[in-house]
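What follows is one structure encoded as structure tokens, with my remarks underneath.
The values are calculated or read from the model by the stated rules, or taken from the named source; none is laboratory data. Predicted, not measured: the structure shown is a model, and the values here were computed from it. Counting neighbours? That spans all protein chains shown, and the Cβs are built from the backbone with ideal geometry, glycine included. Remember, those area values only see protein heavy atoms, side chains included, never the ligands or the DNA or RNA. Shrake-Rupley method; radii C 1.70, N 1.55, O 1.52, S 1.80 Å.
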Amino acid sequence: MRKFAFQTLILLLLPMVCHAYEDHRGWNLDSLEREAAKWSWSRVEKASEEEVNEYVILVSKLSTGYSNLDPERSRYYALLQMRLGERFGGGNAVYRGAMNVGQYFFHKEQYDSAYFYYGKAAKGIAMKEANGASESTLDDDKSRLYGSLGNVYAMQDSLEQAFRHYARADSIFVRNGWIESSSVLHYNLGEINMDACLYDPARAEYEQALQLATQAGDSLLVAKARYGLGRYHQATGHTGKALEELTAAYSYFEAHSLDETVGLKDTLSVMNAAHEELYRHARMLAIGAVLLLTLALAAFLIARTLKKTRQELTETSAVLEETIEELRPTEQNEKPVLTEQEVAIARLLAQGKSSKEIAETVHLGTNTVLWYRKRLYVKFDVHSAAAFTAEWIRRGMDSHFQG
């Protein structure tokens with residue numbers, strides 16, 4: 001991700017005079033090489049200044065033309081261009097050749113070698129300045145060099161040095177009103193800060209890039225800046241905002257899919273991650289809602305059960321108190337309170353009837369009669385049928401109930 005951002009920065013930091021060249025795809029590189037092959041160093045030494053300049057231009061075209069087709073051959077012609085400039089005092093040839101070689105080593109991730117040739121490029125700028133080059137041309141060259149040096153330091157994680165060089169490049173952009181280049185630079189700084197997990201500085205850089213891109217009216221740079229903001233919001237957990245920014249960027253990249261395949265791919269990748277995060281949050285919320293509903297239902301059932309249990313306990317307590325009161329042994333001369341059923345059973349029991357006989361008489365189950373007998377024993381404070389009969393007669397219970 002960082003390297004792609006650097007490549008974008010490099011392309012947009014190319015000096016404006018490069019646009020004077022014809023697109024290398026329109027050149028016949030084989031024809032140019034056949035022409036270059038006619039030159040030897042001895043011929044160069046004998047050639048006029050005008051002829052040497054033509055040869056330097058020829059070599060420069062070959063270096064540029066092969067930059068994508070054959071990097072090794074491109075480097076060969078860039079080195080030749082630089083040496084021709086050093087030999088004949090051509091600061092522009094030194095600068096361009098050295099920058100191309102530096103870029104070759106940068107893409108090979110040989111950063112020390114890249115730094116060495118960027119130093120050569122700085123000498124080429126000094127030569128051009130001594131020869132009276134225009135301030136605009138020098139600013140072009142310096143801004144590209146500062147940006148490239150910043151890239152080298154950034155790839156080596158020397159961020160302080162990288163930011164210092166980027167700031168020098170940006171000061172040139174601001175001074176000349178090169179808004180697009182400044183937007184690209186701030187976007188690149190946002191990418192570097194994001195890769196270093198410096199989220200607040202990254203957001204500030206992306207927002208600056210977006211402001212400049214909007215001011216310049218460059219829809220591609222706007223899309224890139226919004227993609228960067230989408231990355232920031234995704235990394236900091238603001239998934240909704242991330243999708244808003246990414247969707248805006250995607251609409252541009254999709255409309256220019258043939259030219260912006262990398263931007264489209266990167267945007268889709270972050271959008272998919274944001275959607276997955278959104279779905280994960282939705283699943284967690286759904287699970288949380290189900291759990292809350294389950295807990296609420298459980299709490300309701302528990303409360304209802306507790307209320308019912310409390311009511312039952314209250315009723316049971318009252319019944320127990322009543323039963324205890326009823327079952328409390330009476331004094332010997334006190335006549336206990338009996339129900340009609342208890343009186344009927346007590347009389348039969350006092351007559352010496354068995355539980356089975358009593359059950360048949362009163363039309364109750366034997367176990368029920370046994371339960372009544374126990375209640376009667378408790379009320380009369382006795383433990384046997386004989387004792388009950390004696391106590392029943394002694395207290396005159398028959399006459400009591402007849403009266």
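How many angstrom lie between the Cα centre of the range 136-161 and the Cα centre of the range 207-273?
25
What does the charge count near His383 come to, summing +1 for each Lys or Arg and -1 for each Asp or Glu among other residues with Cβ under 12 Å from its Cβ?
Local net charge: 0.
Summing Lys, Arg as +1 and Asp, Glu as -1, what charge do residues with Cβ under 14 Å from the Cβ of Met271 carry, Met271 excluded? Provide the component values of the computation, followed by the final result.
Working: positive: Arg226, Arg231, Lys241, Lys265; negative: Glu244, Glu245, Glu254, Asp266, Glu276, Glu277.
Local charge sum for Met271: -2.
So how tilted is helix 159-176 from the main axis of the chain? Cα-based, degrees 0 to 90, rounded to 10.
For 159-176 against the chain, the angle is about 60 degrees.
Could you give the spread of the C-alpha atoms of the range 338-403 along their three principal axes, from largest to smallest, in whole angstroms?
Ordered largest first, the range 338-403 gives principal extents of 28, 25, 18 Å.
Could you pull out the GluC sites (Glu not before Pro) across the range 87-165 that fall in loop regions by DSSP (anything but H, G, I, E, B) with no more than 13 other Cβ atoms inside 10 Å? Kindly include the intermediate steps, with their values, before the conclusion.
Numbers: sites: Glu109, Glu129, Glu135, Glu160; in loops: Glu109.
Qualifying residues, ordered by number: Glu109.
For Lys307 paired with Glu207, estimate the spin-label separation in nm (one decimal), with each label point 7 Å from Cα along the Cα-to-Cβ line.
Between Lys307 and Glu207, the label points sit 5.4 nm apart.
In the neighborhood of Trp178, defined by Cβ-to-Cβ distances under 15 Å, what is the net charge if each Lys or Arg adds +1 and each Asp or Glu adds -1? Don't skip to the end; give the middle numbers.
On the way: positive: Lys142, Arg144, Arg168, Arg175; negative: Glu135, Asp139, Asp140, Asp141, Asp170, Glu180, Asp218.
So the surrounding residues net to -3.
Taking the simple approach of a point 7 Å from Cα along Cα-to-Cβ for both Leu370 and Ser251, what is their distance in nm?
Placing both labels 7 Å beyond Cα along the Cβ direction yields 8.9 nm.
Once you mark the trypsin sites (Lys or Arg not before Pro) that are in a DSSP loop and have at most 12 other Cβ atoms within 10 Å, what is the longest gap between them in the chain?
Details: sites that count: Lys38, Lys108.
Answer - 109-403.
Just check the range 204-254 against the gyration tensor rule for me: Cα atoms, a ≥ b ≥ c as the square roots of the eigenvalues, rounded for a/c under 1.5, and otherwise prolate or oblate depending on whether a/b exceeds b/c.
On the way: a/c = 2.92, a/b = 1.41, b/c = 2.07.
Judged from the Cα gyration tensor, the range 204-254 comes out oblate (a/c at least 1.5, b/c at or above a/b).
I need the phi-derived Karplus couplings for the range 210-219: 6.51 cos²θ - 1.76 cosθ + 1.60, θ = phi - 60°, integer Hz, Gly and Pro marked x.
The phi angles translate into 5, 4, 5, 5, 5, 4, 7, x, 9, 5 Hz.
Residue by residue through the range 121-127, what is 3J(HN,Hα) from phi via Karplus (6.51 cos²θ - 1.76 cosθ + 1.60, θ = phi - 60°)? Round to whole Hz and write x for glycine and proline.
Rounded to whole hertz, the list is 4, 4, 5, x, 5, 4, 5.
Extension gain Ala196-His363, at 0.36 nm per residue separation less the Cα-Cα distance, in nm?
On the way: separation 167, 0.36 × 167 = 60.12 nm, distance 9.52 nm.
Going from the current span to full extension adds 50.6 nm.
Calculate, axis by axis, the spread of Cα positions in the chain along the three principal axes, and write the results as whole Å, longest axis first.
The Cα atoms of the chain stretch 160, 39, 36 Å along their principal axes.
From the square roots a ≥ b ≥ c of the eigenvalues of the alpha-carbon gyration tensor of the range 97-225, which class results: rounded (a/c under 1.5), prolate (a/b over b/c), or oblate?
The shape class here is oblate.
Using only Cα atoms, tell me the angle between helix 385-394 and the longest principal axis of the chain; keep it within 0 to 90° and round to the nearest 10.
60
Quick one: pull the percent of accessible area on the chain belonging to carbon and sulfur, 1.4 Å probe, ligands and nucleic acids left out.
Looking at the chain in its full context, I get 55 percent from C and S.
Which whole-number value in Å² is the accessible area per residue of the chain, probe 1.4 Å? Working shown, then result.
On the way: 22480 Å² over 403 residues.
Here the per-residue accessible area is 56 Å².
Can you show me the helix-derived [θ] at 222 nm for the chain, built from DSSP H runs with n ≥ 4 at -39,500 (n - 2.57) apiece and divided by the number of residues, rounded to the nearest 500.
-27000 deg cm²/dmol
For the chain, with only Lys/Arg (+1) and Asp/Glu (-1) charged at the beta-carbon, what is the dipole magnitude about the Cα centre, in debye rounded to 20? Let's see the in-between values first.
Working: 45 positive and 53 negative charges, 211 e Å.
About 1020 debye.
Given axes a ≥ b ≥ c from the Cα gyration tensor, I'd like to know whether the range 89-134 is rounded (a/c under 1.5), prolate (a/b larger than b/c) or oblate.
Prolate is the answer for the range 89-134, as a/c is 1.5 or above and a/b outweighs b/c.
Averaging sequence separations of C-alpha pairs under 8 Å and six or more residues apart, then dividing by the length of the range 102-217, give the relative contact order as a whole percent.
RCO, the range 102-217: 17 percent.
Contact order normalised by length for the chain, with contacts defined as Cα pairs under 8 Å and 6 or more residues apart; what percent is it?
8
With axes computed from alpha carbons, what is the tilt in degrees of helix 91-107 against the longest principal axis of the chain, rounded to the nearest 10 within 0 to 90?
Between helix and principal axis, roughly 30 degrees.
Put +1 on the Cβ of every Lys and Arg and -1 on every Asp and Glu Cβ in the chain; which of Phe105, Asn92, Tyr66 then has its Cα farthest towards the positive end of the dipole?
Going by the charge dipole, the pick is Phe105.
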